[in-house]
Structure formats: structure tokens, C-alpha cells
Amino acid sequence: MDFFNVLTFIAGILVAFMLLVVVATYYDYFKAEIPPEVDQPLKLLLYHCLYVLMEIMVSLSLPDSKLFIKDLHFDEVPVRIYLPRLPSASKRRGLIFFHGGCGMFGSIRSYERTCRYIASKSDSVVVSVGYRLSPEHKYPGQVLDCLTATVRFLQTAENYGVDSARIIVCEDSAGGTFTASVCQQLVNRTDIPKIRAQVMIYPFLQALKLNLPSHQKNAFVPLLPRNRMVHFILKYLNKDSSLEEAVLAGSHVPQSMNLKYGKWINPDLIPNKFKQGYKPPLPTSCVAQVYEEIKEMFETTFSLLLADDSVVCRLPDTCIVTCEHDVLRDDGLLYKKRLEDNNVKVTWYHLEEGFHCALGFFGYSIFSFPSSNKIVDHIVNFIKGY
């Protein structure tokens with residue numbers, strides 16, 4: 001009889017949990033607004049509901065006995081701070097984290113497990129930044145939020161038991177754009193402490209050449225095929241999706257820009273082992289109207305590989321993670337070379353089995369991948385060196 005009661009109790013908990021999930025997802029289903037012009041709205045709504053379900057799973061996870069977790073605002077930018085509970089004999093290192101999601105998706109909650117793990121395993125204070133998302137908040141609002149939060153943390157680090165000389169900036173995917181941008185914008189600041197290091201996980205770093213070897217090899221590889229990458233770029237910048245084909249063809253780039261920046265963004269700079277099967281694209285003429293529509297793509301807050309050497313040479317120590325099965329692989333390889341050519345210390349970690357967005361699956365049990373764990377463990381080992 002006792003055994004039957006236990007089973008009944010467990011069944012009751014499971015039913016209550018399922019009802020909570022159904023109600024929460026049902027509520028969000030009707031709250032979601034899918035614009036009528038969006039392609040395949042039902043598919044987008046399905047992805048949205050799955051995303052909500054994953055966030056519910058995170059929010060229902062047990063409290064972490066090793067961490068204090070606080071939700072704050074740095075000059076109106078929401079942040080979540082993870083502080084180790086155990087006292088430390090000295091000030092800890094700090095890590096500022098910018099989540100991925102093309103500047104349009106994701107949240108602090110999306111990377112809750114990643115940030116908890118990094119804080120616990122590296123004994124660091126982690127600050128996860130909830131920057132505003134496009135298209136509701138237009139570019140470069142996302143970069144500005146990340147910059148604002150970073151500056152405030154650098155100014156107030158000691159309030160959280162952090163050594164301001166040991167602060168690292170970390171990201172994945174589009175967050176890599178923000179990390180690189182923040183670090184580049186801070187090189188001339190003398191009124192705040194310097195960033196000690198930056199961690200860039202499969203970052204997007206340029207829109208000049210979108211037909212590099214990795215773009216060709218991984219053109220149809222989930223979760224970021226080449227056409228979707230361009231689609232997201234246009235949506236993030238609030239541009240018309242009708243420009244997609246022209247951008248894919250390279251018609252958005254003036255010849256003068258190809259000549260000027262070819263010394264930095266060129267398939268010849270990529271090691272031969274990464275160019276198997278590569279076919280140089282046919283020359284394409286620039287369409288002036290297309291260039292005028294999307295010239296924000298070539299601002300150094302968006303295409304970070306276009307930054308001058310005078311900026312690049314002053315960047316902090318850098319860890320770059322690239323994945324073989326990722327359209328953005330070569331962005332990371334080219335930035336690695338830029339940094340090394342400018343005598344910046346670089347640690348490079350390449351996952352032969354890795355793919356774009358792998359980090360986003362970390363900590364989700366059967367939904368996770370071995371490459372997810374490898375990336376996070378590499379981050380922990382890297383930041384422990386600082």
C-alpha cells in the first residue's frame with residue numbers, strides 16, 4: 001500500500017508539472033505576435049514554443065547551493081550576476097557574458113546553465129547581459145547595451161569582490177560581434193581598467209565576403225545555413241529581405257572595398273587544410289543601390305575585421321573557438337591571423353565535430369552535444385589562466 005501511495009504521489013507531481021508546462025506554453029502561444037509577412041509563421045511559432053519550454057526547464061531547475069544569483073540593472077541594462085558563495089582570500093576574476101542569437105533572439109535565461117557552470121568551475125563572478133533585441137530595438141542598440149554594461153562593471157567591479165584588472169569578456173555567435181566591438185571601442189579609454197582577455201566562440205566578424213571556404217562547405221548545414229545567415233543579417237539591420245539574393249551574390253560590395261580590405265579578408269589567408277573543395281566565386285559587379293541600402297554592414301561596429309591595425313594591435317589576449325561545420329568558421333580564422341599579425345596573444349581551439357550554436361545546447365541533458373561540453377570546459381580552462 002505504501003508503494004502504491006508513493007507511485008500516486010510521484011504521478012501527481014508529474015501531472016502538476018505537465019499542467020504547468022502546458023499552461024505556460026499555452027499562455028505564451030497566444031501572447032506571441034507573428035507578423036503576417038513572416039515566412040512559414042507556423043514553423044516560427046513552433047520554434048518559439050519549444051524555446052519557451054526550454055526556458056521553463058531552466059527556470060524550474062533547483063537553486064544552486066554554490067552561487068548567489070542576483071538580477072540587477074547597469075544603467076538600465078538588465079544583468080544577472082553569479083557570485084560564488086564560498087569566501088575568497090583575494091578578489092576574484094570577473095567574466096562578462098553576451099549571449100548569442102543573431103542580436104534578435106535569446107536572453108539571460110537562455111544561457112543560465114552555461115553561466116552557472118562557468119562561475120562554479122572557474123570560481124569567477126559572471127555577469128550575463130540582457131541587451132535589447134532587434135528589430136524592436138534597432139542596431140546598434142545591442143552593441144551600446146553591451147558597452148554600457150561592460151563599462152559599469154569595470155567601474156564597480158570591487159563592489160562584487162572582483163579584481164578590475166582581471167575582467168574577461170565572453171560570448172558566442174552574434175555575441176562575438178558585440179565582444180569584439182566592445183573591446184575595440186575600449187582600447188582608447190584611459191578612465192577605466194583595461195579588459196584582460198576576450199573569448200570569442202564561433203563569432204560573426206565581417207559582411208564583406210560571404211563566399212569564403214566555410215560559407216561554401218557549410219552552406220546547408222544546420223543550425224545556420226548560408227542563406228539563413230544573410231537573412232538574419234538583413235533582419236537584424238532592419239533591411240528588406242528582398243536584398244538577400246544580391247548580398248549572397250556579393251553585389252553589395254564596391255570594388256574599392258574589396259581592394260582596400262582584401263589584405264585582411266581573403267581566402268588566400270586561410271590554411272589549405274580548410275579549403276578542400278573550395279571554388280573561387282565568379283567576379284560580381286556592385287549594384288550601387290544595394291550598397292546604399294546596406295552600407296551599415298561595413299561599419300566597424302558590425303564588421304570587426306575591418307578595424308585598423310592601430311586598434312587591433314591594442315586588443316587584449318584572445319581565445320577564439322571555431323567549429324568545422326559552421327559557415328562562420330573562417331571569420332574566426334581570419335581574426336586569429338589579424339590578431340597574431342599584430343602581436344596579440346591568441347589561444348585557438350577548433351572542434352572538428354563542432355557546429356554553429358553548439359554552446360546553446362549546453363546543460364540540457366539528452367538535448368546537449370559532446371561539443372557543447374567541450375566548448376564550455378575549454379572556456380573554463382582558459383579563464384582560469386587569468
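Taking only the Cα atoms of segment 294-386, the radius of gyration and Dmax are 15.0, 46 Å.
So, counting K/R as plus one and D/E as minus one, what does the shell of residues with Cβ under 11 Å around residue 147 add up to? Can you show the working numbers first?
Details: positive: 152, 189; negative: 75, 145.
Net charge around residue 147: 0.
Label-point separation (nm) for residue 284 and residue 377, each offset 7 Å from Cα along Cα-to-Cβ? It works out to 4.1 nm between the two label points. Ordering 332, 315, 349 by the projection of their Cα atoms onto the charge dipole of segment 306-357, which places +1 on the Cβ of Lys and Arg and -1 on the Cβ of Asp and Glu, puts 315 at the extreme positive end.
Fewest-first ordering of 146, 313, 286, 102 by other beta carbons within 10 Å of each residue's beta carbon gives 313, 286, 102, 146. A crude spin-label estimate for the pair residue 242 and residue 310, with each label 7 Å from Cα along the Cβ direction, gives 4.1 nm. Charged neighbours of residue 131, selected by a Cβ distance under 15 Å, balance to -2 (K, R count +1; D, E count -1).
Inter-label distance, residue 137 to residue 353: 3.8 nm, where each label sits 7 Å from its Cα along the C-beta direction. Note on 104, 297: ascending count of other Cβ atoms within 10 Å places them as 104, 297, the fewest first.
What list do you get for 264, 348 if you sort them by fewest beta carbons within 10 Å? Write out the running numbers ahead of the final one.
Details: 264 19, 348 14.
Ordered from fewest to most neighbouring Cβ atoms within 10 Å, 264, 348 come out as 348, 264.
Mind putting a number on the dipole of segment 305-369 about its Cα centre? Charges go on the C-beta only, +1 for Lys and Arg and -1 for Asp and Glu, and I need it in Debye to the nearest 20. Could the numbers behind the result be given before it?
On the way: 6 positive and 11 negative charges, 38 e Å.
Computed about the Cα centre, the dipole is about 180 debye.
Less than 13 Å Cβ to Cβ from residue 384, Lys/Arg counted +1 and Asp/Glu -1: what total charge do the surrounding residues give? Show your work: numbers first, answer last.
On the way: positive: 92, 93, 121, 166, 196; negative: 123, 377.
Within the 13 Å Cβ shell, the charges total +3.
Which pairs, out of 70/121; 194/275; 275/336; 70/138, put more than 26 Å between their alpha-carbon atoms?
On the way: 70/121 18 Å; 194/275 37 Å; 275/336 17 Å; 70/138 28 Å.
Checking Cα-Cα distances, 194/275; 70/138 exceed 26 Å.
Please report the spacing between the Cα centers of segment 252-279 and segment 135-193 in Å, no decimals. After rounding, the separation between the Cα centres reads 30 Å.
What is the extension gain from residue 91 to residue 273, computed as 0.36 nm multiplied by their sequence separation minus the C-alpha to C-alpha distance, in nm to one decimal? Spell out each step's value before the answer.
Working: separation 182, 0.36 × 182 = 65.52 nm, distance 4.34 nm.
Net length gain for the segment: 61.2 nm.
Computed from the coordinates by the stated procedures, all read-outs in this text should not be read as laboratory data. What you are looking at is a predicted structure, and each value in this text was computed from that prediction instead of being measured. With ideal geometry, Cβ positions are generated from the backbone for all residues, glycine too; neighbour counts draw on all protein chains shown.
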